[in-house]
Amino acid sequence: MNHDELFTSLHATTAAELDGLLDIEAGLREALVAAQHTRTGHDLDLDIEAGLRAVIPPPEVATPSPATRPEQPSATPDRPELQGAVAAWLMSFDSASRLALRNLPAIAAFALILEITNAAATNRVVARDPDPALARDLARNLGLALDLARDLARDLGLDLARDLARDLALALDLARDLALARDLALARDLARDLALALDLALDLARDLARDLALDLARDLYLDPDIDDDPGLALALDDDLALDDDLDRDCVRDRVRALDRARHDFTGADLSDVDLRRMSLTGIRWSMATKWPSDEWRDQALLNSRDLGNGTYEIRDGTTNVPTYST
């Protein structure tokens with residue numbers, strides 16, 4: 001065998017061995033994912049450096065005094081297995097950036113996945129011991145999921161979102177019947193039918209979230225400014241691996257953590273944020289929240305319902321511009 005044949009043979013052998021070791025599709029996905037966060041930050045005028053500093057804290061952090069405690073108090077532990085990657089990603093940003101990012105369609109779709117997963121976990125409990133009170137909680141949970149699905153269907157105009165809203169409406173009807181059922185056999189039959197409906201809805205919701213994340217990554221693929229932040233698509237990929245049979249308490253921890261990341265702005269500093277560009281519907285705030293002006297605070301108070309304990313929530317359908325501002 002001459003040298004040319006030897007090199008040709010070695011090249012073919014090496015290529016075959018590398019094919020067994022390298023995952024080209026995974027590499028392409030990482031390239032897409034890596035691109036998305038910078039473009040998102042650019043489009044929304046986000047402070048990416050502040051977000052990265054929040055992700056990687058300094059080596060030594062002193063215990064905060066009452067005067068310097070973090071602006072976002074939390075009853076949910078920040079352990080990753082309880083919080084989830086998407087919630088952690090959102091909480092890595094400052095308040096202004098978090099306010100801009102919280103309603104991204106991919107995040108709303110993941111919130112919907114958590115609501116459906118929570119409903120499925122609750123339904124498993126009801127199937128074992130039909131409890132009307134727990135069934136009513138299940139119906140309320142599915143009502144929230146249906147609202148999210150309808151919002152996505154309206155805002156995105158996607159057939160997948162419309163199909164999901166339709167399936168959730170059917171699941172909600174089953175849950176309401178289950179809450180009213182007094183016969184044990186009927187209740188268990190309804191819980192079984194509801195489990196099948198929730199499985200179908202969960203598959204659709206996952207497809208929707210993945211499509212939205214991939215669309216985001218695809219749109220950003222050609223962006224020349226790529227940094228090393230893993231971004232939303234990777235966080236979604238981590239969280240979409242949720243086990244269908246997760247313990248109900250674990251699912252509820254995830255729901256609370258994402259809800260806090262999306263909506264809790266009690267004590268937040270919004271004084272330098274151009275709120276005219278933001279949706280404020282659903283955010284929770286307190287008198288410690290800093291607004292751009294007294295007029296903004298007064299308008300927020302006018303638009304909010306009192307949740308008690310000094311916390312307010314801005315209602316849907318209200319303006320986010322002070323009506324008497326100049």
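What to note about this one:
- Residue-span extension gain [Cys250 to Val125] - 0.36 nm each, minus C-alpha spacing: 43.6 nm
- Ordering of 195-202, 247-254, 112-119 by burial proxy (mean other Cβ atoms within 10 Å per residue, highest first): 112-119, 195-202, 247-254
- Rounded Å value of the spacing that divides the Cα centres of region 152-189 and region 80-127: 20
- Of the solvent-accessible surface of region 264-316, computed with a 1.4 Å probe and all protein chains present, 40% belongs to carbon and sulfur.
- Counting charges near Leu280 (Lys, Arg +1; Asp, Glu -1) among other residues having Cβ under 11 Å from its Cβ returns a value of +3.
- Å² of accessible area per residue within region 123-223, as computed with a 1.4 Å probe and no ligands counted: 54
- Region 136-168 residues near the modelled Asn103 label - backbone nitrogen below 15 Å, point 7 Å along Cα→Cβ: 148-157
The values are calculated or read from the model by the stated rules, or taken from the named source; none is laboratory data. Quantities reported herein were computed from a predicted structural model and do not represent experimental measurements. With ideal geometry, Cβ positions are generated from the backbone for all residues, glycine too; neighbour counts draw on all protein chains shown. Surface accessibility is based on the protein's heavy atoms, side chains included, excluding ligands, DNA and RNA. Shrake-Rupley method; radii C 1.70, N 1.55, O 1.52, S 1.80 Å.
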